[in-house]
Amino acid sequence: MGKRRYADLAGSFATLVFGVAIVAMMLLALASSATADGCGDDSDALVTTNALTGTAVGTTTFAAVFVVASTFSFAVARRRREFALLRSIGATPRQVRRIVMREALAVSVPAGVLGCVLGRAAAGPFVDWLGNAGLAPEWLTLRDAMWPLYTAFAVGVAVALAGASVAARQASGVRPVEALRQASLDSAGGSRVRIWIGALVLAAAFGFLLWTAVVTPGEAVHRKHRTLAPMLIVPGVALLAPVLVGPPLRALGRLVGRREPVALELARCGAASTPRRTAATVAPVLMAVALATGLLGGTDSAEDAGARDAADRLNAELVVTARDGALDPQAVDDLRTVPGTAVAAPVPTDIKLLAPGDVWINAKAWTLDPRDLARTMNLPLVGGQLEALADDTVVVTDDWARPDVGGMLAVRLPDGARHELRITATVKEGMGGTPLLLTSRHAPAGGRAFAAFVDLPEEPAAAAAAEQAVREAAARHGVTVQTKKEWARGGQGPEVEERRRNAVYVVLGIVLLYAAFAIANTAAASAADQAPAWRALRLAGATRAQVLRTAALESVLMVALGLLLAGVAAAATLGPLWLALLLLVGPIGLTVPWGAIALIAAACAAVAVPAGVAAASVTLRRSAGEMSAATRG
């Protein structure tokens, strides 16, 4: 019992060190990018870096908190025999809880300190790697800051104490007579408190996501919300894991029946008889796969819908852009000379709107010639007329409270001039954010169009000739011609999209690394619980290879159960997102990252199987006589 306690504490210590180190490293990277000074392209790059590191901090912190809490809770739950003996000799529930909390504090404080030291040591190389990988400006260096270390330490200690306290309260809440019985048998599906809490957490999270998708679909498809969604769903599914793993295991037994191989039957029974251990083992797989599905699947689905929405809002067949995002006015003039075409060249500008309560709100606007608006753009009209856009009017979106069509709206231009403009039309808010529309009279001094939308003639021969002329004019000015679908798919540019994608891969890589560590740690910690079953198999005549095969199959089964639970979490995460996309752009399919899921599942299995086999192999090194004595004892 003493060896088990020290093994559990050592596993919890290692998990907490790893978790605190990850949180400290990511917070230090965020602090470095957030406090760096940049201008021009560097400023834009820093904005992207801050967004990427912010997402990484949130995701990796969630992973660390999730794994640490699960590990500490499982470690305490495994010591119910020890707590049962303490209760039987007169220890009160408060004394049991005090013992557990003191041990958790004794483990978490030095683990937090060591994790901060390791995180600080890894932060410098990590920031340098971000620069070399193009995820941050190359000149970005690690800044000396203490608050990330304090925060990581506090998070680690708090999560460890919280995870230990929940399990300690459950272990100390039984009567002494019941404690001895519960110490030998695992409950069939977890405590009622855990089930109720898990159901409430899952229902509240799913309800929030569903409510957001219906009420504010534009917010539901935002990057921050998509990142948050799986973090809300996964804890509820993890709490319900002891209950959710039962039906698949029973279904497996009925599916194969007597034809089931003995090793698979033993693996299934082993997983079914210890739902707490099964839940603790599948939790890292659930976390990694659910996060990958939510982040990658949500991002791909939102990008596909955004590209479709952007293309649907254009009547123009061609889009002309410059590499620096600013078209030469002479290039726009040359495009307008092509016979039969209509060219809209919106100039972006930042304005302020007077909202209810006399508050000025920042807003984006396009200034353009209204004569080409109807032919080049296909904006979904909510009310009013786009053709009525004039110097004293404005076209707004329907995403915030404002006067109706015909009402007046106070606008402040970049030069400080205030104008009272009449709302001539309201259009539906788009996926990427739809700017307000003003006439070219309100264009900023020296402003240049970010793109030229070119509508071609309807007659095929004339359209082909016009397209050729447009491409020749673009070639003379060194600008790019794309179809509207190509332009819509490009989003903010291939470099920005690639950086975002790589950042997601970095985050998922860290999460997968931590999940692999947690899987191996859980396998090692639970070896003592499985030892009697493995020894009994040997006494019953099973060979060493058969026992190891059973351990391997049980590990594979654990990963498969984790995938099933991740499917539940993914459905609860992507379902509301699909509804929001449906309300915004119409029917559209969701993108599921099957390749990433398969890769993560294979990686988890590659860790779980050797870890499970190694734990069984160490246990089986005893002689047959020793195993018999241990079994009789």
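No lab work stands behind these numbers, since they all come straight from the coordinates. The shown structure was predicted, so the numbers you read here are calculated from the model rather than taken from an experiment. Note that each Cβ is placed from the backbone with ideal geometry, even for glycine, and that neighbours are counted across all protein chains shown.
Could you go through segment 555-560 in sequence order and give the Karplus-derived ³J(HN,Hα) for each residue, using 6.51 cos²θ - 1.76 cosθ + 1.60 with θ = phi - 60°, rounded to whole Hz, and x for Gly and Pro?
5, 4, 5, 4, 4, 4
Identify all lysines with a Cα-Cα distance to Lys364 below 22 Å; exclude those on the same chain that are fewer than 8 residues away in sequence.
Lys224, Lys352, Lys428, Lys484
If packing is taken as the average count of other Cβ atoms within 10 Å, what order do 292-302, 586-596, 545-555 fall into, highest mean first?
Ranked from most to least packed, the peptides come out as 292-302, 545-555, 586-596.
What ranking of Ile361, Ile510 emerges when the number of other C-beta atoms within 10 Å of each C-beta is taken as an exposure proxy, fewest first?
Starting with the residue having the fewest Cβ neighbours, the order is Ile361, Ile510.
Would you mind calculating the gained length between Asp144 and Asp350 on full extension (0.36 nm times residue separation, minus the Cα-Cα distance), in nm to one decimal?
Length gained, Asp144 through Asp350: 70.7 nm.
If R₀ is 22 angstrom, what is the calculated FRET efficiency for the pair Ala571 and Arg223, using the beta carbon separation as r and rounding to 0.05?
0.60
Could you order the peptides 561-570, 14-23 from most to least packed, using the average number of other C-beta atoms within 10 Å per residue?
Descending packing order for the listed peptides: 14-23, 561-570.
I want to verify the translational diffusion coefficient of segment 370-491 in µm²/s; compute it with Stokes-Einstein, Rh as the Kirkwood radius over Cα pairs, at 25 °C and 0.890 mPa s.
Taking Rh from Cα pairs, D becomes 147 µm²/s.
What FRET efficiency would be calculated for the residue pair Val113, Glu486, taking the C-beta separation as r and a Förster radius of 51 Å, to the nearest 0.05?
0.45
Using a basic spin-label model with each label point 7 Å from the Cα along Cα→Cβ, how many nm lie between Ser88 and Arg422?
For the pair Ser88/Arg422, the computed spacing is 8.9 nm.
Please give, to one decimal in nm, the separation of the simple spin-label points placed at Glu387 and Gln330, each 7 Å out from Cα toward the Cβ.
3.7
What distance in nm separates the two pseudo spin-label positions at Thr35 and Ala540, each 7 Å out from Cα along the beta-carbon direction?
Once both label points are built, they end up 6.2 nm from each other.
Trypsin sites (Lys or Arg not before Pro) within segment 283-332: which are DSSP loop residues with at most 13 other Cβ atoms inside 10 Å?
In loop regions of segment 283-332 (DSSP not H, G, I, E or B), the sparsely surrounded trypsin sites (Lys or Arg not before Pro) are Arg323.
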